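Heads up, the thing below is written out as structure tokens.
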Amino acid sequence: MPKTLVTTKKTPDLDGTACLLAYAHLLSTQGYDAEGIVFGNIQPETRYFIEKYGVSVPSESDDTANRWDNYVLVDTSSMKGMPSAVVADKVVEIIDHRQGSSETEFPNAKIQNELIGAAATLVTERFIKAGLKPLPKHARLLYGAIYHNSLNFLASNTSDRDRAAAGFLEKEFGFSPEIIREMFSYSTGWITGHIEEALRDDAKEFNIGDYIGAYQLILYGSGWKDKKQEIESAIAKLASEDKVQWSFLNIVDLESKKSFIYCDTLDGQTKITKALDCVFSQGWADLSMAILRKQIMPKLRELK
């Protein structure tokens, strides 16, 4: 039987991690020889579930030898940032929830790409359709991922399907929103204590005509404002290392339900101002709502 790797981009967020583990289990239940593996570092939201509930997350280094016959990608639809083991022509399925053109990169893949809050919602729906339930440890990750990726259902890309999937997991496993409060409290404490590492793990680069760096932190509370100088220094260091033309940071504060954008170059500020209708002061702009990086990037690409 062909061996299948279910994975996502390197150093994935909770959504990618939850999806690859749960979907690999679903495929195995349905008779496939499938395994889910994380490549790169474990991000803080996932660390919470590892430490609190003893969830096991198989991980390997990016120089792992290729030992799979085909691949399933979750929470991603591009080869950018993909583990070196993945072969584009051998990708047979993609489950994602963002704008993209994966058809050109993965000609042999069956693709489900829907603009909703979380890929974890799509994987949860796969279990519901099959009349099965995820393992409890995977269900916790899916539950946390739906809330994390939808910003506690604040993000504009949140759908009724995200709420229904979270409701299914609550009903079947007795989960409480207290899990979500603890998760965000844990991740906020870890991130604010490891600013540069958190930014580096989440860093992305995009070519939108300009080659830019795009960073994001999802936090609860305003304590991060005491670390503005540290944040600004870390962004400058990472942007220099990545050799980008300009960069920006999106901080989502779930307590105030707003995003805060940092950009230290006039060119970047001008483009972000036009895309998001905001005003910068000393490199920072406050938005009236919470917005994710994946929602900001299409707006920047559309600029003429």
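Bear in mind that the values in this text are calculations on the coordinates, not laboratory data. This one's a predicted model, so the numbers in the text were calculated from it and none came from an experiment. Reconstructed Cβ throughout: ideal geometry from the backbone, glycine too, with neighbour counts over all protein chains shown.
For segment 262-304, rounded, prolate or oblate, judged on the Cα gyration tensor with a ≥ b ≥ c (square roots of eigenvalues), a/c < 1.5 rounded, else prolate if a/b > b/c?
On the way: a/c = 1.87, a/b = 1.18, b/c = 1.59.
Oblate.
If R0 is 35 Å, the Cβ-Cβ spacing of Gln112 and Lys237 corresponds to a FRET efficiency of close to 0.35. Projecting the Cα positions of Trp190, Ser61, His138 onto the charge dipole of the chain (unit charges on Cβ atoms of Lys, Arg, Asp and Glu, taken about the Cα centre) puts His138 furthest along the positive direction.
Can you sort Arg126, Arg163 so the residue with the fewest Cβ neighbours within 10 Å comes first?
Arg163, Arg126
Think of each Lys and Arg Cβ as +1 and each Asp and Glu Cβ as -1; about the Cα centre, that makes the dipole of segment 3-182 roughly 280 debye.
For segment 17-65, the Kirkwood estimate of the hydrodynamic radius, built from every pair of different alpha carbons, is 11.8 Å. Between Ala155, Ala109, Ile235, whose Cα lies farthest towards the positive end of the dipole of the chain when Lys and Arg beta carbons carry +1 and Asp and Glu beta carbons carry -1, centred on the Cα centre? Towards the positive end, the residue furthest out is Ala155. Under a 5 Å amide H cut-off, with hydrogens placed 1.01 Å from N, Lys258 pairs with Asp253 among residues at least 5 apart or on other chains.
Per-residue ellipticity at 222 nm for the chain, helices alone: DSSP H runs ≥ 4 residues times -39500 (n - 2.57), over residue total, nearest 500 deg cm²/dmol?
-13000 deg cm²/dmol
Here, segment 194-301 has an Rg and a Dmax of 12.6, 35 Å when only alpha carbons are counted.
For the chain, a simple Cβ point-charge model (Lys and Arg +1, Asp and Glu -1, everything else neutral) yields a dipole of about 480 debye relative to the Cα centre.
Springs between Cα atoms under 10 Å define the GNM used for the chain, and in it the highest mean-square fluctuation of Asn152, Asn250, Asn207 occurs at Asn207.
This model, with +1 at the C-beta of Lys and Arg and -1 at the C-beta of Asp and Glu, gives segment 191-304 a dipole about its Cα centre of some 420 debye.
Considering only C-alpha atoms, what is the centroid distance from segment 55-123 to segment 1-53, in Å? The distance from the Cα centre of segment 55-123 to that of segment 1-53 comes to 11 Å. Counted by neighbouring Cβ atoms within 10 Å, the residues Lys237, Lys90 run from fewest to most as Lys237, Lys90.
The 3J(HN,Hα) values that the Karplus relation (6.51, -1.76, 1.60; θ = phi - 60°) gives for segment 261-275 are, in residue order, 9, 10, 8, 9, 10, 5, 4, x, 4, 4, 5, 5, 4, 5, 6 Hz. Gly and Pro appear as x. In order along segment 44-60, phi translates into HN-Hα couplings of x, 4, 5, 4, 4, 6, 5, 6, 7, 10, x, 5, 8, 10, x, 9, 9 Hz, rounded to whole numbers, per the Karplus curve 6.51 cos²θ - 1.76 cosθ + 1.60 with θ = phi - 60° and x for Gly and Pro. Close amide H contacts of Leu217 (hydrogens built in the peptide plane, cut-off under 5 Å, sequence separation of 5 or more or a different chain): Asn250, Ile251, Val252. The length gained by stretching the chain between Ser185 and Ser59 to full extension, at 0.36 nm per residue less their Cα-Cα distance, is 42.9 nm.
Computed over the chain with a Gaussian network model linking Cα atoms closer than 10 Å, the most mobile of Asp267, Asp75, Asp253 is Asp267.
For the chain, the longest principal axis of the C-alpha atoms and the axis of helix 178-193 are separated by about 50°. Fewest neighbouring Cβ atoms within 10 Å first, the residues Arg301, Arg67 line up as Arg67, Arg301. Between Lys3 and Met289, the modelled label-to-label distance comes to 4.7 nm, taking each label 7 Å out from Cα in the direction of the beta carbon. For segment 1-137, just say rounded, prolate or oblate: build the C-alpha gyration tensor, square-root its eigenvalues into a ≥ b ≥ c, call rounded for a/c under 1.5, and beyond that prolate if a/b exceeds b/c, oblate if not. Rounded is the answer for segment 1-137, as its axis ratio a/c remains below 1.5.
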